[in-house]
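For reference, the structure is listed below as structure tokens.
Please treat every number below as a calculation from the coordinates, not as lab data. This is a predicted model, so every value here is computed, not measured. Counting neighbours? That spans all protein chains shown, and the Cβs are built from the backbone with ideal geometry, glycine included.
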Amino acid sequence: MKKLFSIGVLMLAVGFLALPAHAQDMAKKTAAVKPVSSPSQAVLESWNDIGRKLIAMAEDFPEDKYDFKPKPEQRSFAQQLLHAAGANYFFTNLAMGVKVPTEEEPKRDQYKTKTDVVNYVKKSFADGAAAIKAKGDKGMDEVVTEPFGNQLTRIGDMAYGFIEHSGEHYGQLVGYYRMAGMVPPESRPKTK
């Protein structure tokens, strides 16, 4: 009987300890649901998120390792950033009715220092964000001829394609960090 009583007291104590957590969960469920983003807001949020990640890497990686390559035939860390940022202009220029670049990526000798590369990456994402804002919701449905496949595509779909492209290069740069014995900014513990 004493054992049964002890188990009952223990279960009651656990129940009382769980009440604050349950109350917090209930408060979250009764909070107002955030409305859905508009089409251009959704594109802009994704664009800015991958831009933030690549800019953080560009700013964080040591300048003396900017020319690091896992293998001689691969792009260096700096070339990866320049490629991802340069590709953004295939979207941005097309969206704004400007001639698309003739080169897939700027040359490393045009951007000699870490500061040069960081500024270029920042500018490419800022220019893309400005194009998305300028197009607005209606502009996301505007149809253009995609420069690589010679096919029609919507501006919004094209933006997501370049967001995904930047995400691929983000993943490659995570590998560069790990091979250099470093932890990428997004993988570090968050401080409160």
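Miscellaneous remarks
- Straight Cα distances below 16 angstrom link Lys135 to the aspartates and glutamates Glu45, Asp127, Asp157, with same-chain residues fewer than 8 positions distant left out.
- Most to least packed among 137-143, 73-79, 184-190 [average Cβ atoms within 10 Å]: 73-79, 137-143, 184-190
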